[in-house]
1. Roughly what would the spin-label model give for S65 and F90, points 7 Å off Cα along C-beta, in nm?
2. In the Gaussian network model of the chain, springs joining C-alpha atoms below 10 Å, which of L66, L38, L52 carries the largest mean-square fluctuation?
3. Can you figure out the FRET efficiency of S23 with A75, using R₀ = 35 Å and their beta-carbon distance, to the nearest 0.05?
4. First check a/c for the chain, with a ≥ b ≥ c the square roots of the eigenvalues of its C-alpha gyration tensor; if it is under 1.5, answer rounded, and if not, answer prolate when a/b is larger than b/c or oblate otherwise.
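Please treat every number below as a calculation from the coordinates, not as lab data. Because the structure is a prediction, the values reported are computed rather than measured. A quick note on method: Cβ atoms are made from the backbone with ideal geometry, for glycine too, and the neighbour counts reach across all protein chains shown.
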Amino acid sequence: MDPQSAEDLFQLAKRLHMRQGTSEVRAAEVLYRRCLRLSPTHVGALSNYGLLHQHALHNLDAAESLYARAEELNATSTIIQHNLAVLANFRGRYD
């Protein structure tokens with residue numbers, strides 16, 4: 001498979017991301033970045049890349065930044081609101 005579109009890259013990154021192996025995480029990271037270069041407003045990629053940063057790469061600041069960008073694009077997304085709430089809870093921000 002030679003993904004050409006942002007959506008193809010996103011779908012492939014998602015599949016690798018779900019596997020959770022070290023090499024898959026790194027490959028998913030590269031694919032999410034490529035997807036976002038093609039489509040900087042891809043809300044799914046922003047949200048999932050945030051999840052990857054939060055849970056696999058342990059970079060909470062990057063996760064928060066990606067979630068915030070996704071929220072700017074789609075403030076009504078319950079998935080994005082959930083991700084932000086879980087991250088805030090994890091950081092001890094209960095308000």
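1. Using points 7 Å along Cα→Cβ, the separation is 1.6 nm.
2. In the Gaussian network model the winner is L38.
3. Values: r = 35 Å, r/R0 = 1.01.
Between S23 and A75 the formula returns 0.50.
4. Working: a/c = 2.44, a/b = 1.43, b/c = 1.70.
Oblate.
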